[in-house]
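Shown next, in structure tokens, is the structure this report addresses.
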Amino acid sequence: MVETIFLLNEDYGLGIEVYALVRSETRAKNRFSHFLDKSWFNIIVQDVSDEIKIDASINYIIHAASQASPLYYKTDPVGTLLANTKGLITFLSLQERI
């Protein structure tokens, strides 16, 4: 998703701002290293189940994080679904405030 927004910003100058909520700053910086110098890309480090506090105008929320894979569903189905559900509730709560 971030790669698509990157292309839209670079090719069409859309100026779409991204606030990526991540659990691990180190992994996020490795994963998104080619975006770190972009003014439109922001990293927020926190657990998705904690209240999100952001001082920005938000138009869209895309919940794309999940550890969904057959391995996790097999070894920890409740934990996997619980994290996804809590994350969704957190993002819906953010939407109510903006």
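The values are calculated or read from the model by the stated rules, or taken from the named source; none is laboratory data. Small disclaimer: the values here were computed from a predicted structure and weren't measured. Quick reminder, even Gly has a Cβ in these numbers, built from the backbone with ideal geometry, and neighbours come from all protein chains shown.
A few remarks follow.
- Yes/no for Asn30 being in a loop (DSSP other than H, G, I, E, B), exposed (fewer than 10 other Cβ atoms within 10 Å of the Cβ) and under 16 Å from the mean Cα position of the chain (by Cα): no
- Screening the range 42-79 for residues that are among the polar types (S, T, N, Q) and at pLDDT below 85 and picking the one that is farthest from the chain's Cα centre (by Cα) gives Ser69.
- Of all residue pairs spaced 6 or more apart or on separate chains, those with beta-carbon atoms under 6 Å, a first member in the range 39-58 that is in contact (Cβ under 8 Å) with a residue 12 or more places away in the chain and a second member that is loosely packed, with under 14 Cβ neighbours inside 10 Å are Val45/Glu25; Ile58/Ile98.
- Boolean, Phe91 is farther than 17 Å from Ile5 by Cα and either surrounded by 15 or more Cβ atoms within 10 Å (Cβ to Cβ) or assigned by TED's automatic domain parsing to the domain that holds Ile5 (or both): yes
- Inter-residue pairs, beta-carbon under 9 Å, first assigned by TED's automatic domain parsing to the domain that holds Thr90 and in the range 3-21, second surrounded by fewer than 17 Cβ atoms within 10 Å (Cβ to Cβ) and not in a loop (DSSP other than H, G, I, E, B), 6+ apart: none
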